[in-house]
Amino acid sequence: MSIKSILIANRGEIAVRIAKTCKIMGIETWGIKTSAEPKAHYLTQVDKVYDLSDVFSEVLVFLDVEKLMDIVAEIKVDAVHPGYGFLAENAYFAQRCVNINVKFVGPTPDAIHKMGNKTIARQIATKNEIPLASGTTRSIRDAADAKKVSDKIGYPVIIKAASGGGGRGMRVIHKPEELAQMFRLATTEAEKAFNDPSVFIEKYIQNPKHIEFQIMADSHGNVIHLGERECSIQRKHQKLLEEAPSPALSPELRKEMGDIAIRIAQAVNYESAGTVEFLLDTNNNYYFMEMNTRIQVEHPVTEMVTGFDLIEQQIRVAQGEKLTITQKDIKINGWAIECRINAEDVQAGFSPYLGTIEKMVLPNDENVRIDSGVVEGDTISPNFDSMIAKLIVWGETRDEAIANTQKALSKLWIKGLKTTIPFFKTVLNHSSFTNGSFNTGFIENELEFMHESTDEEEALAAWFATLQYINEKEKEAENQVDFEQGKNINPWLLNKRMKSF
Amino acid sequence: MIFGKSSKKEIKKLIAVNAKRKKFEFPIPFTDELKIGDRQGEMKIKEDDKHGTYLLWKNKKYPVEVLSKNQNRYEILLNGVSYNFSIETPTSYKRLKYLNTKSGSKKNENLEAPMPGKIVEVLTEEGREIRAGEPLLILEAMKMQNEIQAPVSGKVKKIHVKSGESVLKDDLMVEIIIGK
Amino acid sequence: MDTNGKLFRKFIEREDRLNQQYTAELAKKQHNKGKLTARERIDLLFDKDTFEEIDAFVTTASTTSSFGTIKESYGDGVIVGHGKVSGRLIFAYAQDFIVMGGSLGVVHAQKISKIQQMALKMGAPIIGLIDSGGARIQEGIASLAGYASIFNNNINSSGVIPQISVIMGPAAGGAVYSPALTDFVFMTNKTSYMFVTGPSVVKEVLNEDVTNDELGGAEVHAKKSGVAHMIYEDEEQTILGVIKLLTYFPSNNVENPPVMVEPCGMDEVNEKLRDIVPDDPNKPYDVKEVIHQIVDPDSFHETSQYFAQNLVVGFARLDGSTIGIIANQPKVLAGTLDINSSVKGARFIRFCDSFNIPLLTLEDVPGFLPGIDQEHMGIIRNGAKMLYAYTEATVPKITVIMRKSYGGAYIVMNSKNIGGDFNFAWPTAEIAVMGPDGAVAVLYRRELAASEDPDALKKDLVKTYRDEIANPYIADEKGYIDEVIDPAITRKKLIIAFEALQNKHVSAPAKKHGNIPL
């Protein structure tokens, strides 16, 4: 079946990204206009817009299965691309699409369900003899149960939401005393985020590296991997910087882990793009963590070093095509780094910084790719994530990629709000990063300053602040008011005014 | 009678004081010639449509903007990093120094909401002894639950929020009596 | 002084003695507390070489009692006089903490009374710089009588000349009531405080430990009690703030407010105004952004900024002329009116009306704040203050309805029928008895209960309600608003409208005074 039209059930950067590939493939795209951001940039990048801007619903349409199904039926598209987040890993939504014969661009509902539920995924992994961190293969019911399991595994342990992802519903427990409270927090957060309070517990591997493999599979049983990504620069389980390949993997280890990743995908008859995440400890022991059954935020680094358009591959697989590439065709060419430029106040613990993008100057160097869902004048609001853009930079070698990224960052100007740019500048300069020894504890343990700043820059800022003060005082002094004017009153009014006293 | 000897005092310098009380002095009349450490050069303020305002010093460009200002306090964003200064005259600087030596005797700490959001859970209660770093409440913002920790050790004097309640940035949430 | 005359000897001696009274050590003592001396404050306030002091040489009243000692000095702890501020005549008194702790004795009080009466006769604003230990205990009843006469003058001058109190040190006990009676109270953070009973009494009676700053510091009065209208971080900024505020005021209730010599213009069409108010009626925004896009650049000067933040009030200039702005703040408590905001608004409106400052109301109000607290603490009588103040005001009054305008709050916020001269609405306006959810719930309760899909029915009904009732066009067609306007041309519309109203006069029936529900 050939796909002629796609509903993009997402917003922001990924909606723009999907529309771009669809345009090249000659597929008509539909976007949804919401009341939360009726002037969003992604709407200008799609061919047709379904207008919901006058509907003020509590639930955002991208999370509303029924509403989306209504739209799909009304506009009669061939396929739905869910992007990432929202309903991308919702098996029910995928099933509903399948039911009405609309192609869900992604894996089968069954694969989503199996990998989406972390306890089932752990069971599958165990059955297929895939290395796992010790822990439960069932969900934990209450704090007492959690205590029992944790005592057995040995602290530190980590509680994770069974249906989770992206750091939500996740808590690390170092001491038994912390358990009860952390358990409660993890379950409430999981319930809120995923509508499912169930959690499981596993051994917390301290300061590992986060390595993930990009998988591509078709509906004919062919599965390949497109190499790994290293995503160890994280803060509270939120990835900030990713690269491909990883400086930590030897070709042998890459092959070994890649094969395992393929094995996991095969175990659930996977199709479409997926990501198998591993933790890698300092002794090169690796543990399967989870499989993400969607396109990832950080997919561009893989695209940069393999030369494949992953969204295109997803759509082709959805059309029932066979993969035209085999594992042998995959060559990793050079190095790519992605920085997530978020509207966050690094100096205030990465808290979201809301505001309007007054100016945005993007580097247009060779080897630089920018994926962004916003343009100048757009606002970063509390309704959505704080991403402004993804800066993806390529180099022949890792050193060159780092140097090119630094150059690109220095040319990236965003005015009007605070961003993570100064954070990346300091990361890229740090010896643990440049020598590749960093791990997921990097920000917490190794980074002394979260942002790059020099004494000289502070002095310049002081000079500028003082100048602003002087200018303001001078302007106030110049703004003369004429008190005599106030005495110049129309006699008609003055007479009446005087008489009324 | 006129105050013969006293008249509006000429200010000879202004002092920018940062959050850590480091001071940067600038003579009045104010000049573009700036010396930092052993580097000296002329400062230029440039502006164009594409970049907005930036400083040009020693052939290097520094994007700059005023993020916020309140009376004599300025938050400057330079090269993506923000700096807070209060601009003081010699007189007000003296006052600042005096008040800083005095402020050690602060008795209460007010915990204000760092961002707008919703209180998911209150983890402490009025009258309870707390230590610095102890989680006091959970604030949900940007779809993430944030643990709000006690900035100081002491005793909870009053809790101003309930779970389920929405708060705005800088809303008072918890009052703490500082103590060991 | 260059003279040999015998007659001048005493004159010179006295002057020397007065100057000696202000020794460097005493000044330093004050500086070491982070404060300036009274003379330094006067110097900051007035234009260079314009301040004329009177009664500099009065001496302290003699007392018959031997209780406590009084150090002999000139001036009795207060400097009074007049001078020019921004070129205009202003009267002022500055309590001098160096002399007997600025305590108020009978002569001290007489000096203040004298300058208050002069200001009233001359129709010129008066500024009080307050830094006083309170009533002078040694003088007993006489100093209390002194306070009474100051209060008396405050009240006589109220609504005739602008009165500003600047608290730069302690103000305790009865002393707080003079500032409370004046139009605006300024405080300097950390070095000024005001309370009726101090920490020692609180400790004695209630056994509660509290510092001066926690009980009556500037932040407390700016945020919690609403007593202080303006707070600043140091004394220089405080006085500069007074000078700035004065530029918005006329000298008295006969004059009109001053006008900018060169008003800085703005574009006639400002498209930004179309985007600030979100389409989603439940989404908050900052009304100050709207204000900044309407008034002359940098001219908005907010008062009571930290108190009852759900209502924004302040002065601004529109094409160079002073206006007073009252705006609901959707960012705080969704912009509802509560007790504090009603009181804040009412007082601001009455000040503007007293001094011929036209009023601009920017409205986005979903209603009064519901709650047991509010009802029990008297939202009824307090909300009535705002209603009374608006209706009573005879200055030009214009309203722009930006979004929500529901129920009683619609009436209160300068609606047409309580005397709004021009009432404009933006296309985003929703004018109705109540919000859509409430209206649907009241009128279709049974239908909703019986429905199989109440959510869908409710959505439909809400949509119908918005289309047919809660919009600006019905009100426009029935004449309850004067025009639905494009937000982008709001500034232009307002300039024209205020110009048309500049000679407005309303004759009120003769009465002693109305009975505002206090």
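The values are calculated or read from the model by the stated rules, or taken from the named source; none is laboratory data. Keep in mind the model is a prediction, meaning the values are calculated, not measured. So basically every Cβ, Gly included, is an ideal-geometry build from the backbone, and we count neighbours across all protein chains shown. When the accessible area is computed, the model is the full protein with side chains, heavy atoms only, and any ligands, DNA or RNA have been set aside. Shrake-Rupley method; radii C 1.70, N 1.55, O 1.52, S 1.80 Å.
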Discussion item. Whether any residue in the range C:439-462 is away from chain A (no Cβ under 13 Å), closer than 30 Å to C:LEU273 by Cβ and under 36 Å from the mean Cα position of the chain (by Cα) is what I want to check.
Written reply: no
Fill in: Single match in A:ILE341, A:ILE380 (criterion: touching a residue at least 60 places away in the same chain (Cβ under 8 Å), under 21 Å from A:GLU298 (Cβ atoms) and in contact with a strand residue (DSSP E or B) (Cβ under 7 Å, 6 or more places away or on another chain))
A:ILE341
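Select the strands (runs of 3 or more DSSP E) contained entirely in the range B:55-125, then report the ones holding at least 1 residues which are modelled with pLDDT of 90 or more.
Values: elements: B:60-70, B:73-78, B:81-88, B:108-112, B:117-122.
It comes to B:60-70, B:73-78, B:81-88.
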Worksheet item: From the list C:LYS416, C:LYS385, which residue is within 23 Å of C:GLN502 (Cβ to Cβ) and open to solvent by 10 Å² or more (accessible area, probe 1.4 Å)?
Response: C:LYS416
Discussion item. List pairs: first residue in the range C:271-285 and under 13 Å from A:THR379 (Cβ atoms), second residue of a type in the set (Val, Ile, Thr) and part of a helix (DSSP H, G or I) anywhere in the structure, Cβ distance under 8 angstrom, at least six positions apart or on different chains.
Written reply: C:ILE276/C:VAL290; C:TYR285/C:ILE276
Response to the item:
Of (1) under 14 Å from A:GLU338 (Cα atoms); (2) surrounded by fewer than 20 Cβ atoms within 10 Å (Cβ to Cβ), A:ASN435 fails just (1)
Worksheet item: Just checking, how many residues over the range B:48-90 are touching a helix residue (DSSP H, G or I) at 6+ places or on another chain (Cβ under 8 Å), in contact (Cβ under 8 Å) with a residue 12 or more places away in the chain and within 9 Å of chain C (Cβ to nearest Cβ)?
Response: 4
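Every residue, every condition in (1) open to solvent by 30 Å² or more (accessible area, probe 1.4 Å); (2) touching a Phe, Trp or Tyr at 6+ places or on another chain (Cβ under 8 Å), yes or no:
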{"position": "A:ALA343", "(1), (2)": "no, yes"}
{"position": "A:SER351", "(1), (2)": "no, no"}
{"position": "A:VAL374", "(1), (2)": "no, no"}
{"position": "A:PHE384", "(1), (2)": "no, no"}
{"position": "A:THR397", "(1), (2)": "yes, yes"}
{"position": "A:ALA401", "(1), (2)": "no, yes"}
{"position": "A:LYS415", "(1), (2)": "no, no"}
{"position": "A:THR426", "(1), (2)": "no, yes"}
Worksheet item: Out of the range A:208-245, which residues are surrounded by 24 or more Cβ atoms within 10 Å (Cβ to Cβ) and among the polar types (S, T, N, Q)?
Response: A:GLN214, A:SER232
Practice prompt. Quick one: which helices (runs of 4 or more DSSP H) lie wholly within the range C:5-105 and hold at least 3 residues that are within 14 Å of another protein chain (Cβ to nearest Cβ) and under 25 Å from C:ILE126 (Cα atoms)?
Written response: C:38-45
Fill in: Residue list for the range C:205-240, restricted to those being facing chain B (nearest Cβ under 9 Å) and either among the polar types (S, T, N, Q) or touching a Pro at 6+ places or on another chain (Cβ under 6 Å) (or both)
C:VAL210, C:THR211, C:GLN237
Discussion item. Tell me the residue from A:TYR287, A:TYR270 that is open to solvent by 10 Å² or more (accessible area, probe 1.4 Å) and hydroxyl-bearing (Ser, Thr, Tyr), please.
Written reply: A:TYR287
Fill in: Flag if A:GLU303 is touching a strand residue (DSSP E or B) at 6+ places or on another chain (Cβ under 6 Å), more than 14 Å from A:ASN128 (Cβ to Cβ) and charged (D, E, K, R)
no
Item to complete: Would you mind finding the one in A:LYS328, A:LYS322 that is among the charged types (D, E, K, R), out of contact with any strand residue (DSSP E or B) (no Cβ under 6 Å at 6 or more places or on another chain) and in a helix (DSSP H, G or I)?
Response: A:LYS328
Worksheet item: Restricting the search to the range A:171-190, which residues are of a type outside the set (Lys, Arg), open to solvent by 40 Å² or more (accessible area, probe 1.4 Å) and within 11 Å of chain B (Cβ to nearest Cβ)?
Response: A:GLU178, A:GLN181, A:THR188
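Restricting to the range A:176-190, name every residue that is free of Cβ contacts under 8 Å to residues at least 12 places away in the same chain and closer than 11 Å to A:ALA161 by Cα.
Answer for the range A:176-190, where residues must be free of Cβ contacts under 8 Å to residues at least 12 places away in the same chain and closer than 11 Å to A:ALA161 by Cα: just A:THR188.
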Worksheet, complete the sentence: Okay, strands (runs of 3 or more DSSP E) sitting entirely in the range C:138-243 with 2 or more residues that are over 23 Å from C:ASN32 (Cβ atoms), I get C:163-167, C:184-188
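Within the range C:241-252, identify whether any single residue is out of contact with any strand residue (DSSP E or B) (no Cβ under 7 Å at 6 or more places or on another chain), buried (at least 16 other Cβ atoms within 10 Å of the Cβ), over 30 Å from A:VAL55 (Cβ atoms) and facing another protein chain (nearest Cβ under 8 Å), and answer yes or no.
We begin by selecting, within the range C:241-252, every residue out of contact with any strand residue (DSSP E or B) (no Cβ under 7 Å at 6 or more places or on another chain); these are C:249-250, C:252.
This time we only want the ones that are buried (at least 16 other Cβ atoms within 10 Å of the Cβ), so: C:249-250, C:252.
Those still in the list that are over 30 Å from A:VAL55 (Cβ atoms) too: C:249-250, C:252.
Next cut, facing another protein chain (nearest Cβ under 8 Å) only: C:250.
Yes.
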Fill in: Any hit, the range A:325-338, residues being more than 25 Å from A:VAL80 (Cβ to Cβ) and aromatic (Phe, Trp, Tyr)
yes
Discussion item. Based on this model, can you work out whether C:ALA92 counts as in the same structural domain as C:THR197 (by TED's automatic domain parsing), touching a Phe, Trp or Tyr at 6+ places or on another chain (Cβ under 7 Å) and either modelled with pLDDT under 95 or buried (at least 19 other Cβ atoms within 10 Å of the Cβ) (or both)?
Written reply: no
Worksheet item: Can you tell me which of A:GLN313, A:GLN296 is touching a residue at least 40 places away in the same chain (Cβ under 8 Å) and over 29 Å from A:LEU428 (Cα atoms)?
Response: A:GLN313
Worksheet item: Which of the residues spanning the range B:41-71 are among the hydrophobic types (A, V, I, L, M, F, W, C) and surrounded by fewer than 16 Cβ atoms within 10 Å (Cβ to Cβ)?
Response: B:ILE45, B:LEU56, B:VAL66
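Per-residue answers, yes or no, for (1) in the same structural domain as C:GLY335 (by TED's automatic domain parsing); (2) among the hydrophobic types (A, V, I, L, M, F, W, C):
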site	(1), (2)
C:GLY217	no, no
C:ALA222	no, yes
C:ILE231	no, yes
C:GLU236	no, no
C:SER251	no, no
C:ASN256	no, no
C:ASP280	yes, no
C:LYS283	yes, no
C:THR303	yes, no
Worksheet item: Looking only at residues in the range C:471-481 that are outside any helix (DSSP H, G or I) and more than 21 Å from C:VAL277 (Cα to Cα), which one is most open to solvent (accessible area, probe 1.4 Å)?
Response: C:TYR480
Item to complete: Of all residues in the range A:5-20, count the ones that are open to solvent by less than 10 Å² (accessible area, probe 1.4 Å) and either under 15 Å from A:THR34 (Cα atoms) or assigned to a helix (DSSP H, G or I) (or both).
Response: 9
Discussion item. Just checking, does the range A:344-359 include any residue being of a type outside the set (Gly, Ala, Ser), closer than 25 Å to A:PHE449 by Cβ and part of a helix (DSSP H, G or I)?
Written reply: yes
Worksheet item: Hey, any hits in the range C:460-470 for a residue that's open to solvent by less than 80 Å² (accessible area, probe 1.4 Å) and either among the polar types (S, T, N, Q) or more than 20 Å from A:VAL55 (Cα to Cα) (or both)?
Response: yes
